[in-house]
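To start, the structure under review is shown below, and the notes come after it.
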Amino acid sequence: MEQEEGTLRVGIVGSGSWATAIAKMVLTNVTRLNWHVRDQKNIDLFIKRGHNPNYLTSAEFDVERIDFSTDINDTVSNSDILIFAVPSAFLRPVLSGLSVPLKDKYIISAIKGLVPGDNMIVGSFFHKIYDIPLAHIGVISGPCHAEEVALGRLSYLTIACQDIKRAREFGALFNCQFIKTSVSDDIYGTEYAAVLKNIMAVASGICHGLGYGDNFQAVLISNAIQEIKRFVDTVHPITRDIKSSAYLGDLLVTCYSQFSRNRTFGTMLGKGYSVKSAQMEMLMVAEGYYAAKSIKEINDKYMVNMPITEAVYNIIYEKISPAIEIKLLTEQLR
């Protein structure tokens with residue numbers, strides 16, 4: 001990077017659980033943090049209580065070290081590195097109020113989804129729409145749940161960037177007593193895998209809600225990682241180890257964890273909730289809902305064999321009975 005790492009100003013855009021967990025990590029390595037939070041009432045409560053009033057309330061902050069702003073332009077102007085941690089469906093609306101340039105900034109995406117409508121991974125979106133060089137874009141991948149970060153439990157992150165040296169510099173922002181980071185140059189594969197694992201977790205939840213047991217879940221996840229590999233190898237064919245934690249590890253934790261919002265969403269569907277009622281009851285966005293449609297549209301071009309993704313899409317968007325669709329899926333898995 002052009003400046004000494006210690007002088008770089010860091011900003012976070014987003015105020016959900018993952019943004020809060022990221023702030024907890026970053027504040028172990030920087031003196032001050034800029035933070036764009038949309039609602040002034042939430043900022044006031046955050047400052048008063050010393051924690052996010054809506055998410056990860058157990059994570060306490062020294063608010064004297066945080067410069068909150070409801071204006072994204074303030075956060076962007078005063079930051080050299082910007083970490084985006086908003087649901088993918090909200091990225092364009094969040095950026096709609098931006099009037100200052102982004103192209104001289106370093107961008108780190110903590111978003112596990114595709115930009116709806118564009119069907120682009122977030123790195124490509126910032127590169128094509130905002131003219132950010134790919135070497136200035138980093139991507140955070142798991143396996144890592146925000147809730148365990150808040151509890152200070154040992155977790156691992158992979159930071160992907162086409163410039164490995166810069167990936168290490170990005171990673172230094174997150175390294176701390178309870179976070180270990182590794183690096184990758186596979187920005188496309190890690191982003192697509194992060195999108196796909198949310199779809200697979202919805203499928204896992206649906207099967208759980210329908211009463212399928214651990215034996216079947218093991219077969220489902222084994223097939224899921226193969227489906228992810230087929231897709232990412234087709235869309236971006238490079239040599240990658242799909243068994244590494246950025247791919248397989250992230251898939252496992254998202255499909256099995258009690259904290260997985262995508263598994264929770266799927267479980268509700270399997271138990272008979274409508275898509276709308278499940279979304280209304282959840283307090284957080286399940287990215288797999290949007291991802292199923294986006295990946296289906298992308299795959300109309302590539303025609304990769306993706307039976308699990310197809311099943312989730314049919315249940316969510318075609319309103320096929322989960323019991324019927326999963327029964328059909330069981331005939332395709334090996």
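What follows is calculated from the coordinates using simple rules that are stated; it is not laboratory data. Keep in mind it's a predicted model, so treat the numbers as computed, not measured. Cβ placement follows ideal geometry from the backbone for every residue including glycine, while neighbour counts extend to all protein chains displayed.
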Restricting to Cα pairs below 8 Å that are 6+ residues apart, what does the relative contact order work out to for region 5-185? Please round to a whole percent. 21
Enumerate the calculated ³J(HN,Hα) couplings along region 102-107 in order (Karplus 6.51 cos²θ - 1.76 cosθ + 1.60, θ = phi - 60°), each rounded to whole Hz, writing x wherever the residue is Gly or Pro. 9, 5, 9, 9, 8, 10
For region 284-299, take each phi angle, set θ = phi - 60°, evaluate the Karplus expression 6.51 cos²θ - 1.76 cosθ + 1.60, and give the result in whole Hz per residue in order, putting x for glycine and proline. 10, 7, 8, 4, x, 4, 6, 4, 4, 6, 5, 5, 4, 5, 5, 6
With +1 on the Cβ of every Lys and Arg and -1 on the Cβ of every Asp and Glu, the dipole magnitude of the chain about its Cα centre, in debye rounded to the nearest 20, is 560
Rounded to whole Hz and in sequence order, give me ³J(HN,Hα) for region 271-283 from the Karplus expression 6.51 cos²θ - 1.76 cosθ + 1.60, θ = phi - 60°, writing x for Gly and Pro. 7, x, 5, 6, 4, 5, 5, 5, 5, 5, 6, 7, 8
Selection from Phe259, Tyr130, Leu329, by position along the positive dipole direction of the chain (Cβ): Leu329
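So, by mean Cβ neighbours within 10 angstrom, what's the order for 149-162, 168-181, 187-200 with the highest one leading? Please list the in-between numbers first.
Details: 149-162: 19.9, 168-181: 17.9, 187-200: 27.8.
Packing order, densest peptide first, comes out as 187-200, 149-162, 168-181.
Which value, in debye to the nearest 20, describes the size of the charge dipole of region 140-268 about its Cα centre when Lys and Arg Cβ atoms bear +1, Asp and Glu Cβ atoms bear -1, and nothing else is charged?
On the way: 12 positive and 12 negative charges, 18 e Å.
In debye, rounded to 20, region 140-268 gives about 80.
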Roughly how many whole Å is it from the C-alpha centroid of region 118-138 to that of region 221-296? 22
Roughly how many whole Å is it from the C-alpha centroid of region 188-220 to that of region 82-107? 29
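About its Cα centre, how strong a charge dipole does region 5-185 have in debye, to the nearest 20, once Lys and Arg get +1 and Asp and Glu get -1 at the Cβ?
200
So which of Lys105/Lys229; Lys48/Lys180; Lys112/Lys293; Lys103/Lys197 end up more than 22 Å apart, counting from Cα to Cα? List each step's numbers first, then the result.
Working: Lys105/Lys229 32 Å; Lys48/Lys180 31 Å; Lys112/Lys293 15 Å; Lys103/Lys197 30 Å.
Checking Cα-Cα distances, Lys105/Lys229; Lys48/Lys180; Lys103/Lys197 exceed 22 Å.
What order, most packed first, do the peptides 216-224, 270-278 have when packing is the mean number of other Cβ atoms within 10 Å of each residue? Write out the running numbers ahead of the final one.
Working: 216-224: 17.4, 270-278: 15.2.
In descending order of packing, they fall as 216-224, 270-278.
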Ranked packing of 74-80, 96-102, 16-22, most packed first, by mean Cβ within 10 Å: 16-22, 74-80, 96-102
